[in-house]
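First the structure, in the form of structure tokens, and then the observations on it.
The values are calculated or read from the model by the stated rules, or taken from the named source; none is laboratory data. Only a predicted model underlies this, so the values are computations on that prediction, with no experimental measurement involved. Neighbour counts are summed over all protein chains in view; Cβ atoms, including those assigned to glycine, are modelled from backbone coordinates with ideal geometry. For the accessible areas, the whole protein counts, side chains as well, though only heavy atoms, and no ligand, DNA or RNA atoms are used. Shrake-Rupley method; radii C 1.70, N 1.55, O 1.52, S 1.80 Å.
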Amino acid sequence: MDKIAVIMSTYNGETYLREQMDTIFSQQDISLHFVIRDDGSSDKTKEILSGYKREHPTIDLIFGENVGCKKSFYEAARYAYDKYSDVEYFAFSDQDDFWLEDKLCTGIKSLKTLTTDETRPLLYFCPPRIVDQSLRPIGKEWSTHHYLNFEEACLAQACAGCTMVFNRRALELFLQGSPDKMSMHDSWLYKTVLACGGRVYEDTTPHILYRQHSSNVIGTGSFLSRWKRRYHNFMDKNRYRSGQVKEILHLYRAYMSPKSQKTAEDLSGYGSKGLIGRIRIASNPSYRTSNPTYNLLFKLAVVLNRY
């Protein structure tokens, strides 16, 4: 069976943690390693984790200080990469979802169809089935139409980190970045894979129940919450999106194709091009997603120097 290391960060997750961990230990046809970093929980999360550690001594359990979600995942990922040098596949896990028992093996099998080249970063993802806190379907659908290129990734994230399975090379490249430069760990991984000539497998069948509840760090949310988040991103005076692209270019230029380099150069330096130059970039048909709203907000952000 293929070895895979699941990387989880927890924080005050006592409500749903047991159910999620049970689904991970129920995964079919894989040899499981499990790295969990607790990000300074103050509820019963640490107690729950310690109980699982006694039952499953092979769990790597790290109790850390509160550093936030992305840094916590980054530290857990670094630990998994360094300790399990013979593991080829990895996956991120949230603390509150419900995995179907074929989630990991499906991801691994899908990656194997892409290439046998271990030097190429590979990433798999599937659409989550959106459910409420009791695992009842909400009826929302996750888009399964993406272009899967670096240009699209600079506009919007096509997948949730909890649906990903990726190879060792992808994780190696991810760890060359700094969590201080990331918006979120999964967004950085996705952009990095595509920027560095990697391949992405998009499954159209859900293998995870994505639980929505009041304590989600990030979720689909209500119509109003989604628009608040979009508005916040659009009005960001720090222009963190172009800053991320600039950092990717700085770190990974040697691995990027000429096209990806040109994309990163245009988007990271768009602010210095003047109004006509920004309009030209905003009008470039390469910068698109299947969501007209994202496309419009991207164009406005570039033209108004807010990307």
Report, by residue number, each residue of region 193-212 that is hydroxyl-bearing (Ser, Thr, Tyr), open to solvent by 30 Å² or more (accessible area, probe 1.4 Å) and touching a Pro at 6+ places or on another chain (Cβ under 9 Å).
Thr204, Thr205
Picked from region 56-83 (must be closer than 21 Å to Phe25 by Cβ and out of contact with any helix residue (DSSP H, G or I) (no Cβ under 9 Å at 6 or more places or on another chain)), the residue surrounded by the most Cβ atoms within 10 Å (Cβ to Cβ) is Ala76
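Condition check ((1) open to solvent by 30 Å² or more (accessible area, probe 1.4 Å); (2) under 24 Å from the mean Cα position of the chain (by Cα); (3) not charged (D, E, K, R)) across all residues:
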position: Gln261; (1), (2), (3): yes, yes, yes
position: Leu267; (1), (2), (3): no, yes, yes
position: Ile281; (1), (2), (3): no, no, yes
position: Tyr294; (1), (2), (3): yes, yes, yes
position: Phe298; (1), (2), (3): no, yes, yes
Restricting region 133-163 to residues that are of a type in the set (Phe, Trp, Tyr) and in a loop (DSSP other than H, G, I, E, B), the one farthest from the chain's Cα centre (by Cα) turns out to be Tyr147
So, in region 137-156, exactly how many residues are at pLDDT 90 or above and either open to solvent by 10 Å² or more (accessible area, probe 1.4 Å) or of a type outside the set (A, V, I, L, M) (or both)?
12
Quick one: is Ser134 surrounded by 15 or more Cβ atoms within 10 Å (Cβ to Cβ) and hydroxyl-bearing (Ser, Thr, Tyr)?
no
Take region 16-49 and flag every residue that is within 15 Å of Gln95 (Cβ to Cβ) and among the hydroxyl-bearing types (Ser, Thr, Tyr).
Tyr16, Thr23, Ser41, Ser42, Thr45
Could you give every pair whose Cβ atoms fall below 7 Å, whose first residue belongs to region 2-31 and is free of Cβ contacts under 8 Å to residues at least 40 places away in the same chain, and whose second residue is in a helix (DSSP H, G or I), counting only separations of at least 6 or pairs across chains?
Glu14/Thr45; Glu14/Ile48; Arg18/Ile48; Met21/Tyr52
Could you tell me whether any residue of region 99-110 is open to solvent by 10 Å² or more (accessible area, probe 1.4 Å), among the charged types (D, E, K, R) and closer than 20 Å to Val200 by Cβ?
yes
Tally time: how many residues in region 89-126 are modelled with pLDDT under 95 and small (Gly, Ala, Ser)?
0
From (1) on the phi > 0 side of the Ramachandran plot; (2) open to solvent by 80 Å² or more (accessible area, probe 1.4 Å); (3) among the small types (Gly, Ala, Ser), pick out the condition that doesn't hold for Gly274.
(2)
Please determine, by comparing only the residues of region 1-37 that are part of a strand (DSSP E or B) and of a type in the set (Val, Ile, Thr), which one is farthest from Asp102 (Cα to Cα).
Thr10
Hits in region 99-132 - residues which are of a type in the set (A, V, I, L, M) and not in a loop (DSSP other than H, G, I, E, B):
Leu104, Ile108, Leu111, Leu122, Leu123, Ile130, Val131
Across region 84-93, which residue is most open to solvent (accessible area, probe 1.4 Å) among those that are under 20 Å from Leu189 (Cβ atoms) and in contact (Cβ under 8 Å) with a residue 60 or more places away in the chain?
Glu88
Extreme residue, farthest from the chain's Cα centre (by Cα), among residues of region 1-34 that are among the small types (Gly, Ala, Ser) and more than 18 Å from Lys112 (Cα to Cα):
Ser26
Mind checking whether some residue in region 38-54 is open to solvent by less than 40 Å² (accessible area, probe 1.4 Å) and either in contact with a His (Cβ under 9 Å, 6 or more places away or on another chain) or assigned to a strand (DSSP E or B) (or both)?
yes
